[in-house]
Ligand code: MGP
């Protein structure tokens, strides 16, 4: 699994850097970032025993080795990150599928809700992308993501940005090349109760609705990781004129974990 370990893990953990995407306006914002590693905080945990784990995330902790096969190497998570992390086999399959689907001219991928890093790690391991930018608003969660990517030996292949993704996208509008960029969005779904309804209403997804997320990246090819029972009519409405959206259900052990909508850009 961890193809690129080659001693990078220790080096990455020892680095001491500061994230400031405003200082980094080259061809792609963040692409040549002075990427900096944030320190793990008291919010970051590597739970070893179920007794240490808050009750509401114990279900996820029991799945820890399918979420991160390298969990025992010291994977770090904030408690909130457990709810949204993409299990590794699913993240890898999405990375493989996207490698095949994305047109060749797409060379940059921006993971706008990077969380604990599962998807960004899979994108880096796929070796498909020239630039991988991972944005995470919460500094402790970003520190976990950087640490976890280092465990997989890919941290230095990812440009890390500690920011609100909507601010990042709007402030860097002029320097993001939409024709070469793919947006990957695995947003919060509003908590564990997301599955309580028969059909998930994406317009009330909290705190960001599907429309708000789509508006922020409508001119770019976007890949949206959404509840398995999302209202497909709402997804269909995101399709640019005369273009189609592919929707794929990603399963583990015969049960869907999520669906992914591959949404073409409005302009290209
Ligand atoms: P789940 O449905 O909470 O758990 O999450 P489980 O055990 O697979 O299903 P259950 O029917 O037995 O309860 C399933 C998957 O959905 C997780 O592995 C995550 O990949 C994804 N997921 C869950 N939540 C609550 C979120 C979220 O808020 N955001 C994102 N992006 N993914 C989530």
Listing of helices (runs of 4 or more DSSP H) fully contained in the range 5-104 that carry 1 or more residues being within 30 Å of residue 180 (Cβ to Cβ), modelled with pLDDT of 95 or more and within 16 Å of the ligand (Cβ to nearest atom): 81-84, 88-101
Complete set of residues in the range 119-139 that are surrounded by fewer than 22 Cβ atoms within 10 Å (Cβ to Cβ) and within 18 Å of residue 77 (Cβ to Cβ): 137, 138, 139
Conditions (1) closer than 28 Å to residue 79 by Cβ; (2) assigned to a helix (DSSP H, G or I); (3) in contact (Cβ under 8 Å) with a residue 40 or more places away in the chain: number failed by residue 160: (2)
Search result, residues across the range 117-139 that are under 19 Å from residue 67 (Cα atoms) and part of a helix (DSSP H, G or I): 118, 119, 120, 121, 122, 123, 124, 125, 126
Subset of the range 212-257 (residues that are farther than 19 Å from residue 201 by Cα and without any contact (Cβ under 8 Å) to a residue 40 or more places away in the chain): 240, 241, 242, 243, 244, 251, 253, 254, 255
Neighbours by Cβ (under 8 Å, 6+ apart or cross-chain): first from the range 184-202, on the phi > 0 side of the Ramachandran plot and touching a residue at least 40 places away in the same chain (Cβ under 8 Å); second within 6 Å of the ligand (Cβ to nearest atom) and assigned to a helix (DSSP H, G or I): 191/83
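The values are calculated or read from the model by the stated rules, or taken from the named source; none is laboratory data. Not measured: the values here are computed from a predicted model. Methodologically, a virtual Cβ is constructed for each residue, glycine included, from the backbone with ideal geometry; neighbour enumeration extends over all protein chains shown.
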